[in-house]
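The values are calculated or read from the model by the stated rules, or taken from the named source; none is laboratory data. Remember, predicted model here, so these are calculated numbers, not experimental data. Note that we place each Cβ from the backbone using ideal geometry, even for glycine, and neighbour counts take in every protein chain shown. Side chains are part of the model used for accessible areas, which takes the heavy atoms of the whole protein and leaves out ligands, DNA and RNA. Shrake-Rupley method; radii C 1.70, N 1.55, O 1.52, S 1.80 Å.
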Amino acid sequence: MKQFLLFFLLTCAVYGQSEYPQDYFRHPLDIPLVLAGSFAELRSTHFHGGLDIKTQQREGLKVYTAAEGYVSRIKISEFGYGKALYITHPNGYTTVYGHLQKFSKRLEDFIRECQYEKESFEVEVFPSSEELLVEPNEVIAYSGNTGSSGGPHLHFEIRDNQERPMNPLLFGMQVKDTKAPYVSAVFAYPKDATSTINGKNERVELRLIPKDEGAYEVEKITAYGNIGFGVVSNDKQDLAPNNNGVSNIQTFFNGNKSLEVDFKRFSFDETKHIRRYVDYDYYKSNKSKIQKLFIEQNNPLSLYKDAYDNGFVLVEDSTASVYKIKINDYHKNETWVTIPIEGKPEAIEQDNFIDTSEKTLVYSNKPTTLNSGLITVKFYENTLYDDTYIDFRVNCDTLFLDEDRIPMQKNFYINYDLSNYKSEHQEQLFVARYYGNYWKPYYVSSSRKGDILTAKTKSLGTYALATDTVPPTIRPVNFQDKKWISKYRYLKVKIDDDLSGISKYRATVNGKWILMEYDYKTNTLTHDFNDNIVKDTKNELKIIVTDNVGNSSTFEATFFRK
Ligand SMILES: [Zn+2]
């Protein structure tokens with residue numbers, strides 16, 4: 001009886017540790033779980049919403065449902081998750097499977113019907129809870145590389161009943177990880193105009209001294225006033241050499257907890273604020289993401305816990321203090337960074353003085369409109385995080401709008417008034433972004449209302465008008481005009497557009513719409529004859545492709561099948 005009670009208590013202790021169902025969800029592939037990407041790892045515009053599971057550089061691996069449930073959503077998009085499947089489970093969680101090559105036969109038939117009904121490759125449907133039930137361990141799809149995926153892998157998410165993604169590892173899936181997170185840089189930041197770090201009132205990189213695995217020291221700094229810290233840290237796991245994100249960061253000042261960042265769960269509404277979480281300016285110039293261990297104004301992220309004075313610490317004169325950073329991966333491997341601080345007021349070296357006389361102040365909490373010549377730039381309220389002086393200059397149709405170093409919470413708008421603008425190709429004008437000295441125009445998503453051409457963007461930089469007068473190109477890949485192609489499974493064409501890019505396409509055979517899947521990475525449109533839409537012997541194929549300023553091309557060919 002005593003033994004039983006002990007067993008019972010131990011079981012409760014083990015399961016009591018987790019508020020999430022353990023071992024309810026299975027790993028959706030039948031190969032070992034190796035991650036190309038971890039939950040909440042830092043991407044350029046968002047925190048990663050799931051796990052990127054490696055598929056051994058292959059496509060077509062069987063994808064199993066993580067548990068029983070019903071298909072609650074199917075979305076096919078050219079970008080993003082590509083072909084994606086959502087399964088809702090009886091316990092209220094939803095699992096998501098992205099970048100799929102194709103669905104299982106039953107689901108594939110269902111979605112094809114929707115595509116033919118809507119005459120569109122891109123579709124999104126929400127089947128009812130009775131329509132497409134899935135059983136435990138059912139193969140629901142095959143892994144792929146569709147959408148914005150840089151190589152074959154499965155993107156896998158678990159969302160709670162409020163659509164918030166959670167770390168799937170919380171549910172008991174195992175990844176082999178015995179290595180502690182590593183730190184590649186540590187920085188200190190002044191909070192106020194009077195704070196100093198090593199005599200400077202600006203971001204200062206500290207000298208990092210690696211000790212044993214999981215332990216770093218920083219050369220002693222002198223500081224005064226309110227300061228904060230930032231860290232560049234990643235985690236490697238045992239079975240793959242790639243960098244993943246860390247799971248939890250805590251900071252301590254003289255033994256007292258200062259801040260905790262916990263990457264267990266977030267909402268899609270807040271994921272864009274990664275631009276506030278990392279040092280955006282540093283990221284744009286160094287491609288490395290400093291995680292700021294303090295909370296500035298207009299930062300609504302829910303990842304913070306126990307923030308004392310928003311993570312800033314006050315260093316007083318003639319004091320000796322220690323600031324520590326503790327970084328954990330999901331598997332409780334732990335890394336410590338120790339920063340000794342001597343409190344000492346110092347005169348500020350003025351080498352970083354910024355001349356704001358030529359710049360324009362843009363407010364964070366009220367709208368700002370900048371105008372010169374034919375260009376008007378509109379920042380609505382809460383576009384910037386801080387009131388910021390930015391460089392605004394206009395030369396004819398070229399807009400010099402500072403550099404992409406200031407994070408935006410949302411889009412701002414660049415309006416061109418074309419009523420007096422002389423161009424023989426008025427209709428084919430678009431707003432283009434230019435990078436560095438490389439004078440190639442990049443199309444910026446824009447719309448036209450009368451004489452006003454409006455582009456929306458989150459990036460400061462250089463913009464100008466550009467013209468695209470060349471229609472898209474369309475060429476057959478695996479067939480020729482007037483030939484027999486009876487044995488072919490697929491019909492493939494390449495489509496391309498140089499400047500403004502492809503906006504839409506439409507393919508018909510003998511006047512009937514046919515599904516052609518578009519892969520932007522290979523510029524390929526593919527029709528599968530197994531759709532059984534093409535049944536005639538003589539077939540007139542017609543494909544119309546339109547670019548983003550409305551130039552369009554038509555391709556016609558005849559082929560025969562029996
Ligand atoms: Zn992913």
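The table below lists the values:
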{"read-out": "Test: residue in region 190-208 that is within 19 Å of residue 294 (Cα to Cα) and within 20 Å of the chain's Cα centre (by Cα)", "value": "no"}
{"read-out": "Residue in region 169-188 that is more than 25 Å from residue 40 (Cβ to Cβ) and either among the charged types (D, E, K, R) or under 28 Å from the mean Cα position of the chain (by Cα) (or both) present", "value": "no"}
{"read-out": "All positions within region 531-561 that are open to solvent by 50 Å² or more (accessible area, probe 1.4 Å), among the basic types (Lys, Arg), touching a Phe, Trp or Tyr at 6+ places or on another chain (Cβ under 8 Å) and farther than 21 Å from residue 497 by Cα", "value": "538"}
{"read-out": "Considering residues of region 30-61 that are closer than 18 Å to residue 102 by Cα and not charged (D, E, K, R) only, the residue surrounded by the fewest Cβ atoms within 10 Å (Cβ to Cβ)", "value": "57"}
{"read-out": "Considering residues of region 170-201 that are of a type in the set (A, V, I, L, M) and surrounded by 21 or more Cβ atoms within 10 Å (Cβ to Cβ) only, the residue farthest from the ligand (Cβ to nearest atom)", "value": "197"}
{"read-out": "Test: residue in region 133-140 that is farther than 19 Å from residue 39 by Cα and within 14 Å of the ligand (Cβ to nearest atom)", "value": "no"}
{"read-out": "Subset of region 17-44 that is within 13 Å of the ligand (Cβ to nearest atom) and out of contact with any Phe, Trp or Tyr (no Cβ under 9 Å at 6 or more places or on another chain) - its residue that is farthest from residue 141 (Cα to Cα)", "value": "43"}
{"read-out": "Conditions (1) modelled with pLDDT under 95; (2) more than 21 Å from the chain's Cα centre (by Cα); (3) under 22 Å from residue 60 (Cβ atoms): number failed by residue 138", "value": "(1)"}
{"read-out": "Every pair of residues 6+ apart whose Cβ atoms lie under 8 Å, when the first sits in region 458-487 and is more than 30 Å from residue 395 (Cα to Cα) while the second is acidic (Asp, Glu) and open to solvent by 30 Å² or more (accessible area, probe 1.4 Å)", "value": "472/496; 473/496"}
{"read-out": "Count of residues meeting criterion [in contact with a helix residue (DSSP H, G or I) (Cβ under 9 Å, 6 or more places away or on another chain) and more than 10 Å from the ligand (Cβ to nearest atom)] in region 47-60", "value": "1"}
{"read-out": "Elements of type strands (runs of 3 or more DSSP E) in region 127-211, at least 1 residues being of a type in the set (Gly, Ala, Ser)", "value": "139-142, 182-190"}
{"read-out": "Filter result (open to solvent by 40 Å² or more (accessible area, probe 1.4 Å) and either within 14 Å of the ligand (Cβ to nearest atom) or more than 16 Å from the chain's Cα centre (by Cα) (or both)) within region 147-168", "value": "148, 150, 152, 161, 162, 163"}
{"read-out": "One residue from 362, 394, 377 being in contact with a Gly (Cβ under 6 Å, 6 or more places away or on another chain) and open to solvent by less than 60 Å² (accessible area, probe 1.4 Å)", "value": "394"}
{"read-out": "Region 62-114: number of residues that are outside any strand (DSSP E or B) and either open to solvent by 30 Å² or more (accessible area, probe 1.4 Å) or more than 16 Å from the ligand (Cβ to nearest atom) (or both)", "value": "24"}
{"read-out": "Any hit, region 501-511, residues being in contact (Cβ under 8 Å) with a residue 60 or more places away in the chain and open to solvent by less than 20 Å² (accessible area, probe 1.4 Å)", "value": "no"}
{"read-out": "Residue count, region 291-317 (criterion: at positive phi and modelled with pLDDT of 95 or more)", "value": "4"}
{"read-out": "Any pair with Cβ under 6 angstrom, 6 or more apart, that starts in region 33-50 at a residue that is among the acidic types (Asp, Glu) and ends at one that is more than 9 Å from the ligand (Cβ to nearest atom)", "value": "41/244; 41/245"}
{"read-out": "Search result, residues across region 458-499 that are in a loop (DSSP other than H, G, I, E, B), under 22 Å from residue 554 (Cα atoms) and open to solvent by less than 60 Å² (accessible area, probe 1.4 Å)", "value": "468, 471, 472, 478, 479, 485, 497, 499"}
{"read-out": "Any hit, region 217-236, residues being buried (at least 18 other Cβ atoms within 10 Å of the Cβ) and assigned to a loop (DSSP other than H, G, I, E, B)", "value": "no"}
{"read-out": "Scope region 312-342; condition among the aromatic types (Phe, Trp, Tyr) and either over 30 Å from the mean Cα position of the chain (by Cα) or under 30 Å from residue 237 (Cβ atoms) (or both); matching residues", "value": "323, 330, 336"}
{"read-out": "Hey, residue 117 open to solvent by 20 Å² or more (accessible area, probe 1.4 Å), farther than 30 Å from residue 216 by Cβ and not in a loop (DSSP other than H, G, I, E, B) or not", "value": "yes"}
